[in-house]
1. Counting only residues that are away from the ligand (no atom under 13 Å from the Cβ), of a type in the set (A, V, I, L, M, F, W, C), under 30 Å from residue 208 (Cα atoms) and free of Cβ contacts under 8 Å to residues at least 60 places away in the same chain, how many does segment 66-121 have?
2. What are the residues in segment 66-115 that are touching a Lys or Arg at 6+ places or on another chain (Cβ under 8 Å), open to solvent by less than 60 Å² (accessible area, probe 1.4 Å) and not in a strand (DSSP E or B), if any?
3. Quick one: which residue in 38, 43 is open to solvent by 10 Å² or more (accessible area, probe 1.4 Å), of a type in the set (Gly, Ala, Ser) and more than 16 Å from the ligand (Cβ to nearest atom)?
4. Within segment 116-145, which residues are in a loop (DSSP other than H, G, I, E, B) and among the hydrophobic types (A, V, I, L, M, F, W, C)?
5. Does at least one position in segment 40-58 carry a residue that is hydrophobic (A, V, I, L, M, F, W, C), part of a helix (DSSP H, G or I) and without any contact (Cβ under 8 Å) to a residue 24 or more places away in the chain?
Amino acid sequence: MAFETIIAEVQDHVSLIKLNRPDALNALNSVLLQELCAAVEEAEANDKVRCIVITGSEKAFAAGADIKEMAEMSFVDVFTGNLFADVNDRISAIRKPIIAAVSGYALGGGCEIAMMCDFIIAADTAKFGQPEINLGVIAGMGGSQRLTRFVGKSKSMDMNLTGRFMGAEEAERAGLVSRVVPAKKLIEEAMAAAQKIAEKSLLTAAAAKEAVNRSYELTLSEGILFERRVFHSMFATEDQKEGMAAFLEKREAQFRDK
Ligand code: HXC
């Protein structure tokens, strides 16, 4: 599919999706959001793709929802159109692993898209924030919910109430990002992480993703039970036989997603 506001390409087994509205710091207008959803869904359906990386430019992952587009909307417009609900639902429904590679600004909806991914690798230039309060609104795609789960109430309140930005180092310390790398190496490092994931069984990776994500929805005992059931079910796969045989035979496993 040809896109206007993003660039999507498959490198080896990784779909690299680059947000591309440089004049607006990748502000998330409705075209970009629809194209992003379509691109991840295309990657999900493409048998060659085993992992997805979403990134932006050096200056901005995304500076938030497009303020020009939203400024004149009424309550009736956003309520009736259920503004941004489908983005959360469509990205959350992807079963293949998704990495956000963030350089520069990841603000408002930009921070929220990054948090919808399975983990975030940040350049040392990354700046995260939920500055919606400065615009007379609050976060609308998970910034008050996911951010709180990542960094805890105190820091999430600080971010959501003051609208201040959080640098990469603080974000790593707070658990928002999994690692910080030099800006020049961001894509290389994110693609290397994606390649590592692409070498695994896609079946097992999807199961691991599902199990970790359940931890947000369930009590600990229910979550452990869910994990154990999924763990047990792995023994019905060929990839479990192959993975364990390969270890014992001291060779690389050849997973077949079966
Ligand atoms: C529309 C935006 C934009 C945005 C930047 N631009 N952010 N346009 N929506 N969110 C545009 C600017 O208008 C400008 O266009 C161009 O991008 C460059 O931006 P500058 O401000 O000139 O750059 P700079 O001085 O470097 O400042 C960078 C910045 C600032 C600190 C990131 O742009 C900024 O504060 N942006 C808004 C951040 C924000 O409030 N995000 C939350 C949005 S609300 P022109 O044409 O003037 O050159 C949100 C709601 C979430 O996300 C709800 C669910 C999605």
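1. Going through segment 66-121 one residue at a time, the tally reaches 6.
2. As a first pass, look at segment 66-115 and keep what is touching a Lys or Arg at 6+ places or on another chain (Cβ under 8 Å): 95-97, 103-107, 112, 115.
Filter once more, keeping what is open to solvent by less than 60 Å² (accessible area, probe 1.4 Å): 96-97, 103-104, 106-107, 112, 115.
Result: 96, 97, 103, 104, 112, 115.
3. Result: 38 is the single residue among 38, 43 that is open to solvent by 10 Å² or more (accessible area, probe 1.4 Å), of a type in the set (Gly, Ala, Ser) and more than 16 Å from the ligand (Cβ to nearest atom).
4. Residues of segment 116-145 that are in a loop (DSSP other than H, G, I, E, B), as a first pass: 117-118, 124-126, 130, 136-145.
Passing the criteria: 117, 126, 137, 138, 139, 141.
5. Here is the first cut: in segment 40-58, the ones hydrophobic (A, V, I, L, M, F, W, C) are 40, 43, 45, 49, 51-54.
Adding the requirement that they be part of a helix (DSSP H, G or I) leaves 40, 43, 45.
Adding the requirement that they be without any contact (Cβ under 8 Å) to a residue 24 or more places away in the chain leaves 45.
Checked segment 40-58: at least one residue is hydrophobic (A, V, I, L, M, F, W, C), part of a helix (DSSP H, G or I) and without any contact (Cβ under 8 Å) to a residue 24 or more places away in the chain.
The values are calculated or read from the model by the stated rules, or taken from the named source; none is laboratory data. Just so it is clear, the model here is predicted, and its values are computed rather than measured. We place every Cβ from the backbone using ideal geometry, glycine too, and count neighbours over all the protein chains shown. The protein model used for the area step is the full one, side chains on, heavy atoms only, and it has no ligands, DNA or RNA in it. Shrake-Rupley method; radii C 1.70, N 1.55, O 1.52, S 1.80 Å.
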